[in-house]
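In what follows, a single structure is set out as structure tokens and then discussed.
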Amino acid sequence: METKQFKAESKRLLEMMIHSIYTHKEIFLRELISNASDAIDKLYFKSLTDDKVGLNKEDFAIWLTADKDTRTLKITDNGIGMTEEELENNLGTIANSGSLKFKNENKLDDDNQIIGQFGVGFYSAFMVAKKVTVISKAYGSDKAYKWESEGVDGYTITEADKTSAGTEIILEMLEDTDDEKYTDFLDQYRLKSLVKKYSDYIRFPVKMEMLHSRPVEKSDDDENKEPEYEDYIEVETLNSMTPLWKKNKSELKEEDYKHFYTEKFYDYSEPLRYAHVKNEGNANYNALLYVPSKAPFDFYSKEFEKGLQLYSNGVLIMDKCSDLLPDYFGFVKGLVDSEDLSLNISREMLQHDRQLKVIAKSIEKTINSELKKMLKNDRENYEKFWEAFGLQLKYGIYSDYGMNKEKLQDLLMFTSSKEKKLVTLDEYVTGMREEQKFIYYATGDSIERIEQLPQTELVKDNGFEILYLTDNIDEFAIKTLMKYKDKEFKSVSADDLGLENTEKQEEIKAKEEENADLLKELSEALEGKVAKVILSQRLKTHPVCLTSEGEISLEMEKVLNSMPNGQKITAQRVLEINPEHEIFGKLQTMSTTGDKEKISKYAKLLYSQALLIEGMAIENPVEFSNLICELM
Ligand code: ADP
């Protein structure tokens with residue numbers, strides 16, 4: 001019997017399989033079942049027009065047979081089969097497979113990357129088997145052939161006995177090693193779970209004889225005997241075949257979708273929203289998309305992996321295809337099934353596939369419009385969603401230099417000063433008073449804290465609504481947006497609040513001139529701490545507050561400095577003093593009596609107070625405490 005050599009390329013691919021240390025060798029089963037299903041598809045198609053096939057749809061099946069004694073796993077199909085020539089061409093060469101071409105073009109060093117992401121078809125059998133035998137009879141042919149190989153040394157093809165068309169693949173499993181228990185692949189439960197995991201939606205049944213045991217019925221006088229068990233065999237169909245997402249929407253109820261979500265994504269809380277998408281046109285795909293009600297515990301960490309399951313015609317190709325979701329929609333769970341992504345033609349090109357990009361674009365649009373619908377029609381759930389994932393959207397506004405801000409801005413929500421409720425930017429702008437120029441915001445650790453900020457007094461007194469920003473990212477996102485519907489955002493701490501009252505301004509200006517010496521003494525006392533000391537227009541009842549000039553606000557300073565490896569960044573601090581406050585009168589008296597030392601002490605105290613109100617640490621607590629005691 002002549003041993004034939006594999007073509008050079010095939011040999012390399014085989015070597016890659018045999019020596020692979022890939023940890024998910026289990027995918028070999030998916031590959032072989034997919035091939036079997038494709039082969040059945042071909043014969044089934046023929047049977048629709050050709051009575052001679054003699055099989056009905058329900059006759060087609062894939063069978064798994066595992067035998068631990070001989071260490072063999074058999075995968076049988078009654079599909080189209082292969083002629084001698086086809087065995088030779090299809091299994092002896094991989095001329096049609098794009099995997100190696102892809103590998104060479106892309107200089108991928110890591111075989112695992114290829115195997116893991118895409119599988120490599122029939123040869124993956126050599127990851128788990130030391131010998132592979134293929135017995136096949138092509139439909140319409142009267143001869144059957146046997147292809148056998150133990151790996152790189154080559155293969156033989158001989159005549160064989162087989163009565164009906166189809167293919168039988170027999171894997172003789174490798175011996176167990178410390179790292180891999182190949183014997184597991186002969187275990188009926190393991191096989192069942194692998195079929196469920198990877199091939200659940202293959203169109204034809206994957207069947208297996210399962211061995212179970214049951215208690216033997218006892219007669220009355222056996223009552224006290226030990227219970228006895230007997231084995232019995234039952235044929236089980238391991239896959240559920242029709243994927244939910246391929247069914248008609250009209251056949252499905254809300255519970256079906258929710259149940260599917262719980263089962264598939266192991267989330268016991270119901271999703272806030274789901275969408276069943278059937279897209280045709282530039283991208284053909286079915287998708288099920290879910291918005292979970294809670295963020296997974298690792299959602300805001302580096303460990304979190306976003307992604308949708310990706311199927312090609314019901315066969316799982318990737319569990320988490322991250323290319324299908326932009327980061328800001330990384331919370332979405334679900335799956336995409338597309339026939340545009342062929343399993344047969346070079347599935348390794350997938351990641352660079354133009355079609356995948358088209359699908360991803362379309363999915364992103366769908367998610368965006370679903371969220372907008374939820375905001376409009378299901379406010380309660382939207383607010384829950386916002387609690388769980390709003391942060392991610394705000395990061396989305398800020399990241400990539402604001403590239404996506406237009407898409408995302410209408411999804412934003414902030415707590416507003418009016419009713420302490422979440423409002424959208426659109427709602428804010430709609431509620432703006434005619435004379436109001438800006439969208440005002442205030443920042444702080446919590447709503448309660450912001451409420452008490454002296455800086456908010458003036459804006460509130462004018463009857464304007466303020467957005468309360470409590471997350472670190474908020475101000476960065478707002479600064480990225482800059483404007484919403486032509487209205488500029490303005491911090492309540494800004495020096496140009498648009499509330500200029502010329503009369504008041506003149507008055508303050510005059511007062512500053514009058515008290516120039518005092519203000520100079522105060523800023524000298526706070527040299528290096530504040531850029532300047534001014535008289536405030538915005539304070540009503542509080543004696544002091546701290547604001548900033550320039551691009552960096554106090555809140556941003558806090559955030560930037562709390563980041564690991566962040567450089568030290570300081571805002572240009574401005575200490576504002578309320579000229580109407582009693583304490584200002586006292587300072588004036590000190591100034592006229594020339595009590596510089598006291599002015600310096602007061603300056604430090606007032607500055608520390610302003611820091612505390614801002615929620616910032618005072619620089620010298622001991623000095624602060626001593627100064628207070630002195631005064632007491
Ligand atoms: P791919 O499936 O990506 O084309 P494979 O290496 O898995 O690559 O298979 C090579 C070819 O061998 C298939 O395209 C098919 O023509 C043939 N083949 C594999 N398994 C079977 C089978 N069970 N029945 C019929 N033909 C098969």
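Every number in this text was worked out from the coordinates using simple rules, so none of it is lab data. Keep in mind that what you see is a predicted model, and the values were worked out from it rather than measured. As a convention, Cβ positions derive from the backbone with ideal geometry for all residues, glycine included, and neighbour counts pool all protein chains shown.
Summary of computed values
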item	result
Above-threshold pairs, the threshold being 20 Å between Cα atoms, out of Lys57/Lys247; Lys74/Lys207; Lys365/Lys490; Lys249/Lys320	Lys365/Lys490; Lys249/Lys320
Spatially close lysines, pair count over region 501-632: Cα under 12 Å, gap of eight or more or interchain	5
Euclidean distance of C-alpha centroids, region 176-216 and region 219-272, integer Å	16
Region 236-275: Cα Rg divided by the 2.2 N^0.38 Å rule of thumb	1.27
Cβ-Cβ FRET estimate between Thr163 and Asn89, R0 fixed at 25 Å, reported to 0.05	0.55
Förster-model FRET efficiency, 60 Å R0, Ser219 and Asp50, C-beta, rounded to 0.05	0.60
Value of D in µm² per second that Stokes-Einstein yields for region 473-567, Kirkwood Rh from Cα pairs, at 4 °C (1.567 mPa s)	82
Column: log10 I(q)/I(0), Debye, Cα scatterers of region 424-495, q = 0.18, 0.22, 0.25, 0.29 Å⁻¹	-0.67, -1.02, -1.30, -1.55
GluC sites (Glu not before Pro) restricted to DSSP loop in region 432-540 with at most 11 other C-beta within 10 Å	Glu434, Glu435, Glu500, Glu527
Separation of the Glu58 and Lys479 label points, Cα + 7 Å toward Cβ, nm	6.9
Mean Cα-pair separation over length for region 139-245, i.e. relative contact order, pairs under 8 Å, 6 or more apart, %	21
Selection of trypsin sites (Lys or Arg not before Pro), region 140-178, meeting DSSP coil and at most 12 other Cβ within 10 Å	Lys143
Loop sites in region 223-321: trypsin sites (Lys or Arg not before Pro), DSSP, at most 11 other Cβ within 10 Å	Lys225, Lys253, Lys302
Mean separation of Cα contacts under 8 Å, 6 or more apart, over the residue count of the chain: relative contact order %	8
The chain, Cα convex hull volume normalised per residue, Å³	262
Sum of side-chain charges, Thr237 neighbourhood, beta-carbon under 12 Å (Lys, Arg +1; Asp, Glu -1)	-2
Anisotropy class of region 350-406 from Cα gyration tensor, a/c 1.5 cut	oblate
Estimated inter-spin distance, Asp69 and Lys302, nm [label 7 Å along Cα→Cβ]	5.4
Difference of contour (0.36 nm per residue) and Cα-Cα distance, Ser562 to Glu280	96.7 nm
Stretchable slack from Glu513 to Arg433, in nm (0.36 nm times residue separation minus alpha-carbon distance)	25.3 nm
Reduced Cα scattering model of region 179-306, Debye log10 I(q)/I(0), q = 0.10, 0.17 Å⁻¹	-0.58, -1.08
Förster-model FRET efficiency, 35 Å R0, Thr242 and Asp445, C-beta, rounded to 0.05	0.10
³J(HN,Hα), Karplus 6.51/-1.76/1.60, whole Hz, each residue of region 434-445, x for Gly, Pro	4, 7, 7, 8, 10, 8, 8, 9, 9, 10, x, 5
